[in-house]
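Below: the structure, in structure tokens.
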Amino acid sequence: MTENTQGFNTRAVHAGQGFEPRTGAVVPPLHFSSTYAQDGIGNLRAGYEYGRGGNPTRDALQEQLAAVENGTHAYSFSSGLAAEDSVIRALAEPGDHIVLGNDAYGGTYRLISRVLGGWGIGNTPVDMGDHAALKDAVEANQTKLVWVESPSNPMMRISDIRAIAKITHEAGALLVVDNTFASPALQQPLDLGADVVIHSTTKYIGGHSDVVGGAVVLNDPVLAEAIGFIQFAVGAVSGPMDAFLTTRGLKTLGVRMRTHSENAMAVARWLQGRPEVEAVHYPGLESHPQHELAKSQMSDFGGMVSVQFSGGEDAARTVAESTRVFTLAESLGAIESLMNYPSEMTHASVKGTELAVPVNLLRTATS
Ligand SMILES: *Cc1c(COP(=O)(O)O)cnc(C)c1O
């Protein structure tokens, strides 16, 4: 295990990344092999048997992910949603119930309601800022998992992770935090009381719009074993190339997040002064209703800024379709600036539900 006395960037660069002993190669080699020679039946050279169960490139990434989130165990998956599905299947069973934020990522809500709902998992979306409502929902349903995104996508609401962890644990449930937007460079939910952290590593951790992936990080060895079993038994693992690219991205996460945060602050302040703008959602602005809470659990505010236009849907669509440097595209977290019209793009799946997003809203991901 990497010691947490090391700084974030040192852990990001070195954890799981020791040089290769035979050649001295500073970057560990990329292992594509799907299977491993055995010296006798069950007599393995380095514990590796078959690529679904274990791969050295994936292991290197998992060690690095655990170190940057201050966790002891990490599991890497083929997408963020595969990571989410694996967490829920490992920690809940048919008949169990999940309380999630009412502004959760559209794909998370679709997975929980339409896929896992059919498997027998119930759900209640709540406003995570309303702690009385959260407590009532958790107690009334004997909830197994509470699912929080902070900052949330795309409304940039901040949830009080420490307070929600306390409410969750008093009710005997587990707290899962989707830390995709903040990234481990700016926020470490396990230190704030969360039981499980999940990521779409497609976003800031990968950081270059060239790989889709997901991660789960946690400290409890019993829960970790359950997740490791699902990873192995279902097999939604990262391929070796994906794991390698994600590791390479993660090494520079700290410096990228510093620049993303600086640039997003400049964009948010500029937008705030424009007459066409009705509201700017960025936790770094003093005008953000949870600015103080954000400061108490994040070391900076990240690269995501959402904006609502007074000219309504038409204005938002016109801006989205006329930018030159910002590319109109789904996703976020990479070195180019992207813009997304959530109600028809990332959040089209929650249109008409209580998780629907405003039609005059644009979400920007600043490089
Ligand atoms: C993109 C995203 C996901 C889903 O991850 P995929 O890698 O696209 O499967 C989950 N949560 C948040 C906050 C996201 O932005």
Going residue by residue through region 85-96, the Karplus relation 6.51 cos²θ - 1.76 cosθ + 1.60 with θ = phi - 60° gives ³J(HN,Hα) values, rounded to whole Hz and with x marking Gly or Pro, of 4, 5, 4, 5, 5, 6, 10, 9, 9, x, x, 7
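Can you give the calculated 222 nm mean residue ellipticity of the chain, where each DSSP H run of n ≥ 4 adds -39,500 (n - 2.57) and the sum is split over every residue, rounded to the nearest 500 deg cm²/dmol?
Details: 11 runs with 122 residues, N = 367.
Here the helix-only value at 222 nm equals -10000 deg cm²/dmol.
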Taking just the alpha-carbon atoms of region 1-127, what radius of gyration and Dmax come out, in angstrom? 19.1, 57
Under 5 Å from the placed amide H of GLU149, counting only residues 5+ away or on other chains, we find GLY101, ASP178
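Applying 1/(1 + (r/R0)^6) with R0 = 51 Å to the Cβ-Cβ distance of THR323 and VAL222, what FRET efficiency is obtained, to the nearest 0.05?
Values: r = 49 Å, r/R0 = 0.95.
Once rounded, the FRET efficiency stands at 0.55.
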Could I have the simple spin-label model distance between SER310 and GLU276, label points 7 Å from Cα toward Cβ, reported in nm to one decimal? 1.3
Among LEU91, LEU174, LEU338, which one moves the most in a GNM of the chain with springs linking Cα atoms closer than 10 Å? LEU91
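Between beta-carbons, use under 14 Å as the cut-off and find the net charge around LYS144, counting Lys and Arg +1, Asp and Glu -1. Mind dumping the intermediate values first?
Numbers: positive: ARG89; negative: GLU93, ASP96, GLU139, ASP195.
With Lys, Arg at +1 and Asp, Glu at -1, the neighbours total -3.
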May I ask which residue of LEU361, PHE309, THR327 lies farthest towards the positive end of the charge dipole of region 254-365, with charges of +1 (Lys, Arg) and -1 (Asp, Glu) on Cβ and the Cα centre as origin? THR327
P(r) for region 175-276: what percent of alpha-carbon pairs falls in each 10 Å bin, starting at zero? 14, 36, 33, 12, 5, 1
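All other residues with a Cβ under 15 Å from the Cβ of HIS208 taken together, and with Lys, Arg as +1 and Asp, Glu as -1, what is their net charge? It would help to have the intermediate numbers written out before the result.
Working: positive: LYS203, ARG248, LYS251, ARG256; negative: ASP210, ASP242, GLU336.
So the environment of HIS208 carries a net charge of +1.
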Would you look at the GNM of the chain, springs on alpha carbons closer than 10 Å, and say which of THR252, THR180, THR201 moves the most? THR252
In degrees between 0 and 90, to the nearest 10, how far off the longest principal axis of the chain does helix 253-272 point, with axes built from Cα atoms? 10
If R₀ is 45 angstrom, what is the calculated FRET efficiency for the pair PHE19 and GLU330, using the beta carbon separation as r and rounding to 0.05? 0.75
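Within the P(r) computed for region 45-197, what percentage of the Cα pairs occupies the region above 23 Å? Show your work: numbers first, answer last.
Values: 4305 of 11628 pairs.
Result: 37 percent of Cα pairs exceed 23 Å.
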Could you tell me the convex hull volume per residue, in Å³, taken over the Cα atoms of region 102-159? 65
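Evaluate 2.2 N^0.38 Å with N set to the residue count of the chain, then give the Cα radius of gyration divided by it.
Working: Rg = 20.5 Å, N = 367, 2.2 N^0.38 = 20.7 Å.
Scaled against compact globular proteins, the figure is 0.99.
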Once the Cα atoms of helix 131-141 and of the chain are each reduced to a long axis, what angle between those two axes, in degrees from 0 to 90 to the nearest 10, is obtained? 50
Of every Cα-Cα pair in region 17-61, the percent that sits beyond 18 Å: 34
Assigned charges on the beta-carbon of Lys, Arg, Asp, Glu; the chain dipole about Cα centre (debye): 740
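Reported to two decimal places, what Rg/Rh ratio describes region 287-330 when computed on Cα atoms with Rh from the Kirkwood expression?
On the way: Rg = 14.4 Å, Rh = 13.1 Å.
For region 287-330, the value is 1.11.
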P(r), alpha carbons of region 214-367 - 10 Å bins starting at zero, rounded %: 10, 29, 32, 22, 7, 0
State the antiparallel share, in %, of DSSP beta bridges confined to the chain, rounding to the nearest 5. 60
For region 288-367, convex hull of alpha carbons as volume per residue, Å³: 113
For a test of understanding, tell me how many lysine pairs in the chain have Cα atoms under 29 Å apart, given they are 8 or more places apart or on different chains. 13
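Only the coordinates and a few stated rules stand behind these numbers; no lab work does. On a predicted model such as this, the values are computed, not experimentally measured, just so you know. As a convention, Cβ positions derive from the backbone with ideal geometry for all residues, glycine included, and neighbour counts pool all protein chains shown.
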